[in-house]
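Please read the structure below before turning to the comments.
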Amino acid sequence: MESSDHTKVAILGAGRGGHALLELLHHIPSIEIVGIADRNPAAPGLERARELQIPVSANVQGLIGNHGVSLILDVTGDPEMETYLHAHKLPTVNILSGSASRLLLKLILHESKLEAELLQSEKLAGIGSFASGIAHDINNPLQLILGLAENIAVERDLTTVHEQARDIIEAVKRTSTICRDLTRYSRLASPREDMLVPVNEKLDEALKIARYASSFHDIEMIKQYQPGAAVKGNPDELLHVLVNLITNAVHAMERVGGTLTIETALHDQQIDVRISDTGCGIAPDTMHEIFEPFFTTKPPGKGTGLGLYNVKTIVDKMHGTIAVDSQIDKGTTFTLTFPDTEPSGQGCLS
Amino acid sequence: MDEFKSGFFVGGEACEGRVLVVDDEPDIRRVVKMTLQKAGYEVLEAENGEKAIETINAGENRLLLDVVICDIRMPKINGAEAIAYFRSHYPRVPLIVLTGFPDTDMATSFLRQGVVDYLVKPVEGEKLRSAVARAIEQRELARL
């Protein structure tokens, strides 16, 4: 007999709907997906199911006859399937099909849209804190440009004029990268499919962004990159994760300084991305709350409380895990572990 | 990163005064120095608050420094800390803040602490020179 909070589910249909169901349901501990079936062997949900080590079948009869199944989710959209299921299912099994399964699917898609909006609003809220960093990085070169231009206006020595004009051009170029970096970061994460993302490049990009959010003064930085390390995921979302973790690390060392260590490593056919600080640490009694939505230790107006929640959401989606090791006044290390991207065990881009 | 350069540079034949520029950006020190030297000031540089304190405590600077122009966002000892130090140890040396990030609350707080001017980058040469001249003038008046 099944316990009331444990449901064994069979999914029929591995198209867009089945794929979305898989993504949602496999995160829920009380739900076990016993199998997924589709007539089309190339259906996207089947490939995802294999990755998740969920049994895949072309045989509907076999799947619904499985004695453990308590719920069949039929997202084939095929009216004949509905009739077939009602005729052949075991009496203890419930079926969700037709308009009910379409409603479920709509709810799931709606939730994923809300999730994307939540990520975006947290990111935009964070950008508010970049103002002082952006002002610093724009107004300093502007001061140089203005000073040199004022001098050129009265300078008689042509060599000096040429040299200073070139310095102005360089300063303008440096300043224009600020807008480029920020617009790239602030846009809505593209809904593109997962791809191989070079992690080291993303870490460097995240460092540039994080500099606007927090002062890197008095922070020593150590980078140890596994050359070519790559993980599978959405590059915009991974960048969001890294900016969040680096910003938190630097905030933890605010005013006192310290060492920020950023590492990528390959071990046991997994990719580790590690971000460590030597800052204030996380109090043991709050450790269990740090990934909860709206949990923050920052003063009002400084943190949304959604940063680490979103980090966890994205890392889960990438099939990764997060480990946190922290000691008060010693520092904190966040280790993200992602599955290797290549079965050969290289895990790296050539 | 440029090394801190100590020493003096006499910019004009008749020296208008000795100014210390404190900013972590070498570019800023370069243009401020260029702008003030042309007006006849001697300009010293420091790349952070710590170096600035070292400079003001070095030799004749204790007595001869006329104005300090100070950034806020800097490594080691930041501008706010350096300003607090200058105000308590060298209350007669006028301070001018030159910052990239305009912040009304911060400006009010600095002016209350006795900072004579709060300038926001980018500042025109003429405005910078007149701020320095005004600061020196006030210092002279205070001496009378």
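Taken together, the values in this text are just the output of simple stated rules run on the coordinates, not laboratory data. Nothing here was measured: the structure is a model prediction, and the numbers come from that model. With ideal geometry, Cβ positions are generated from the backbone for all residues, glycine too; neighbour counts draw on all protein chains shown.
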In terms of Cα to Cα distance under 18 Å, which aspartates and glutamates are near enough to A:LYS173, apart from those fewer than 8 places away along the same chain? A:ASP137, A:GLU163, A:ASP181, A:GLU205, B:GLU25, B:ASP27
Once normalised by the length of the stretch A:195-339, the mean sequence separation of its alpha carbon contacts under 8 Å that are 6 or more apart gives a contact order in percent of 24
Using alpha carbons only, how many degrees (0 to 90, rounded to 10) separate the axis of helix A:307-317 from the longest principal axis of chain A? 50
For the stretch A:179-208, run through the trypsin sites (Lys or Arg not before Pro) and keep only the ones in DSSP coil with at most 11 other Cβ atoms within 10 Å of their Cβ. A:ARG187, A:ARG192
Which aspartates and glutamates does A:LYS302 reach when only Cα atoms under 15 Å apart count, and residues fewer than 8 places away in its own chain are ignored? A:GLU122, A:GLU254
Compute the acute angle (0 to 90°) between the alpha-carbon long axis of helix A:79-88 and the principal axis of greatest extent of the alpha-carbon atoms of chain A; round to the nearest 10°. 50
Under 11 Å, Cβ to Cβ, from A:TYR212 - net charge with Lys/Arg +1 and Asp/Glu -1: 0
What list of ³J(HN,Hα) values in whole Hz, one per residue of the stretch A:246-255 in order, does the Karplus curve 6.51 cos²θ - 1.76 cosθ + 1.60 (θ = phi - 60°) give from phi, with Gly and Pro shown as x? 5, 4, 4, 4, 5, 4, 5, 10, 3, 6
I need A:SER99, A:SER176, A:SER57, A:SER326 ordered by Cβ neighbour count within 10 Å, fewest first. A:SER99, A:SER176, A:SER57, A:SER326
For the stretch A:92-97, in residue order, the Karplus 3J(HN,Hα) values (coefficients 6.51, -1.76, 1.60; θ = phi - 60°; whole Hz; Gly and Pro = x) are 7, 8, 9, 10, 10, 8
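Would you order B:TYR41, A:TYR212, A:TYR84 from fewest to most other beta-carbon atoms within 10 Å of each residue's own beta-carbon?
On the way: B:TYR41 27, A:TYR212 24, A:TYR84 16.
Fewest-to-most Cβ neighbours within 10 Å comes out as A:TYR84, A:TYR212, B:TYR41.
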Going by Cα centres, the stretch B:36-73 and the stretch A:45-64 are how many Å apart? 74
For B:LYS38, go through the aspartates and glutamates and keep the ones whose alpha-carbon is under 16 Å away, minus same-chain ones fewer than eight residues off. A:GLU150, A:GLU155, A:ASP157, B:GLU13, B:GLU16, B:GLU124, B:GLU126
Lys/Arg Cβ at +1, Asp/Glu Cβ at -1, dipole of chain B taken about the Cα centre: which of B:VAL93, B:ILE56, B:GLY125 is farthest positive-ward? B:VAL93
Under the Karplus curve 6.51 cos²θ - 1.76 cosθ + 1.60, θ = phi - 60°, whole-Hz ³J(HN,Hα) for the stretch A:98-111, x wherever Gly or Pro sits: x, 5, 5, 6, 5, 4, 4, 4, 4, 4, 5, 5, 5, 5
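Only bridges whose two residues both fall in the protein assembly as shown count here: according to DSSP, what percent of them are antiparallel, nearest 5? Each step should come with its number before you reach the end.
Working: 27 of 65 bridges.
So the antiparallel bridges amount to about 40 percent of the total.
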Which of A:LEU148, A:LEU63 has the fewest Cβ neighbours within 10 Å, and the rest in rising order: A:LEU63, A:LEU148
